[in-house]
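Reviewing the structure listed below.
Derivation of every value follows stated rules applied to the coordinates shown; laboratory data play no part. Keep in mind it's a predicted model, so treat the numbers as computed, not measured. For neighbour counting, all protein chains shown are included, and Cβ atoms are generated from backbone atoms with ideal geometry for every residue, glycine included.
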Amino acid sequence: MKKTVLILAALMLAVSACIRDKIPEGAELGPGDRLPEFSVILDDGSVVSTGDLSGKVSVIVFFHTGCPDCQAELPVIQRIHDKFSPEAAVLCISREEDASDIAEYWAENGLTLPYSAQKDRTVYSLFARMGVPRVYVSSGDLVIHSVYDDSPVATYEDLAADILASGFASAGQDQ
């Protein structure tokens with residue numbers, strides 16, 4: 001009985017953790033690195049590429065709606081989007097998840113963030129090898145200022161401070 005309880009506890013911990021399967025290929029970008037060249041189609045049909053982010057602070061989030069840490073992080077990102085967009089670009093990119101699953105999750109959770117559904121890891125692997133959520137805050141010169149994953153997940157205060165430190169300046173905006 002005791003062994004069964006321990007096994008169930010271990011399984012519950014594994015299920016509640018973030019998604020951390022390691023893929024040997026891929027970058028491991030960090031502060032000081034330049035954003036890679038990429039292009040994604042957003043849920044509204046518009047296209048965003050690295051060049052579109054030039055000249056503005058950006059927040060790029062890699063996620064999967066089945067990840068508990070992502071589920072906790074996405075409302076924080078929504079608050080950041082509501083406060084700093086459109087002057088700061090906020091972009092959510094899925095890692096191996098269909099558009100219909102994301103749209104359903106967005107609707108159920110009242111999210112209005114722009115997202116790009118990616119069925120594979122092509123864009124993700126330009127940034128990282130493993131783990132979601134991954135949040136990258138970069139300056140207008142496309143240099144990464146900060147990176148967050150599940151340890152620790154980014155708080156609203158962390159991200160707001162990083163956005164301001166990355167050169168965000170807009171009349172009437174405050175923390």
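The modelled label-to-label distance between residue 164 and residue 141, using points 7 Å beyond Cα along the C-beta direction, is 2.2 nm.
For the stretch 2-165, what does the alpha-carbon gyration tensor say about shape, rounded, prolate or oblate, given a ≥ b ≥ c as the root eigenvalues, a/c under 1.5 as rounded, and a/b over b/c as prolate? It is prolate, given that a/c is not under 1.5 and a/b is the larger ratio.
Summing charges over neighbours of residue 40, with a neighbour being any other residue whose Cβ is under 15 Å away from its Cβ, gives -4 when K and R count +1 and D and E count -1. The simple spin-label model puts a point 7 Å past each Cα toward its Cβ; for residue 126 and residue 153 those points are separated by 2.7 nm. The Cβ shell under 13 Å around residue 80 holds other residues with a net charge of -4, Lys and Arg each +1, Asp and Glu each -1. Here the label points at residue 54 and residue 112, each 7 Å from Cα along the C-beta direction, are separated by 3.1 nm in the simple model.
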